[in-house]
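K.L.:
Below you'll find the structure I mean.
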Amino acid sequence: MRKNIVAGNWKMNTTLQEGVALAKEVNEALKDATPKCDVIICVPFTHLASINGEINQEKLGLGAENCADHKNGAYTGEVSASMVASTGAKYVILGHSERRQYYGETSDTLREKIALAFENGLTPIFCIGEVLEERENETHFDVVKKQIEDALFHLSAEEFGKIILAYEPVWAIGTGKTATDDQAQEMHAFIRGVIADKYGKEVADNTSILYGGSCKPSNAAALFAKPDVDGGLIGGASLDCASFMGIVNAF
């Protein structure tokens, strides 16, 4: 049975001290709560080890926002999957549109990252989605299908079953625009169909597909009510405990 999940993506925000304080606040908010979803925070590399020491991962999962596509070696400034795992983190965001856009990440790069994530016991939160031009020229379904096929369809059904997907309409990230509930449902259902065609209905039905485009407390409940929307990958609203918990409580 697939899980409902709300995952925060802090991006390049918060100092170490601010991040630890925010994580402790979210952890405290969850202490006596019984949310109807798994709750995860994905934080800057510098924060991981410190935050791991301050939270209860039975209640609040911890992840990184990226990892390198190499095991180790002369790659100054990179952080490997094994380094991420050594901090106590259990998740890693891969393929985020900002990594694709600003750092030129390709499906070849992402296949390497996924393999290393698995090798180190990390669960990938794998991002897919179209830009505004692709939405407007109606190639958005083709774009998303190709992203899935190129980066993920070399995996066995068992391996694919370990992936969390996050659909990001790139045109709705940080713009204040949000896909309508029906647009989100349409794409999530399409994605589930693509998975079913490759791996069968059971694998597709068990895959969590999160929505990642300007989700906030005011629209979360309507989005999460859709049958193929299994939660959210939350950007800006995850930087405020009350807003983040408002989204968690939308379930």
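Every number here is computed from the coordinates shown, using simple stated rules; none is lab data. Fair warning: this is a prediction, and the values are worked out from it, not measured in the lab. In this analysis, Cβ positions are derived from the backbone assuming ideal geometry, glycine residues included, and neighbour counts consider all displayed protein chains.
K.L.:
Report the Cα centroid-to-centroid distance between region 192-251 and region 125-183 in angstrom, as an integer.
P.N.:
Here the answer is 13 Å between Cα centres.
K.L.:
Using modelled backbone amide H atoms (1.01 Å from N, in-plane), which distant-in-sequence or interchain residues come within less than 5 Å of THR123's amide H?
P.N.:
Distant-sequence amide H within range of THR123: TYR91, VAL92.
K.L.:
Can you count the Lys pairs in region 1-158 whose Cα atoms are under 22 Å apart, with each pair 8 or more apart or on different chains?
P.N.:
Count of close lysine pairs: 21.
K.L.:
How big is the charge dipole of region 1-151 about its Cα centre, in debye rounded to the nearest 20, if each Lys and Arg gets +1 on its Cβ and each Asp and Glu gets -1 on its Cβ? Could you put the intermediate results ahead of the total?
P.N.:
On the way: 16 positive and 23 negative charges, 105 e Å.
Around 500 debye, computed over region 1-151.
K.L.:
Fewest Cβ neighbours within 10 Å first, please rank TYR91, TYR103, TYR211 accordingly.
P.N.:
Working: TYR91 23, TYR103 10, TYR211 32.
With the fewest neighbours first, TYR91, TYR103, TYR211 line up as TYR103, TYR91, TYR211.
K.L.:
Now for a different question. In whole Hz and in residue order, list the ³J(HN,Hα) couplings for region 140-147 that follow from phi through the Karplus curve 6.51 cos²θ - 1.76 cosθ + 1.60, θ = phi - 60°; x for Gly and Pro.
P.N.:
Values per residue, Gly and Pro as x: 4, 5, 4, 4, 5, 4, 5, 4 Hz.
K.L.:
Follow-up. Given 10 Å bins starting at zero, what is the percent of C-alpha pairs of region 59-196 in each, up to the one with the largest pair distance?
P.N.:
That works out to 11, 41, 34, 13, 1, in percent per bin.
K.L.:
I want the local charge near THR139. Using Cβ-Cβ distances under 12 Å, sum +1 for each Lys or Arg and -1 for each Asp or Glu among the other residues. Spell out each step's value before the answer.
P.N.:
On the way: positive: ARG135, LYS145, LYS146; negative: GLU130, GLU133, GLU134, GLU136, GLU138, ASP142.
My count for the surroundings of THR139 gives -3.
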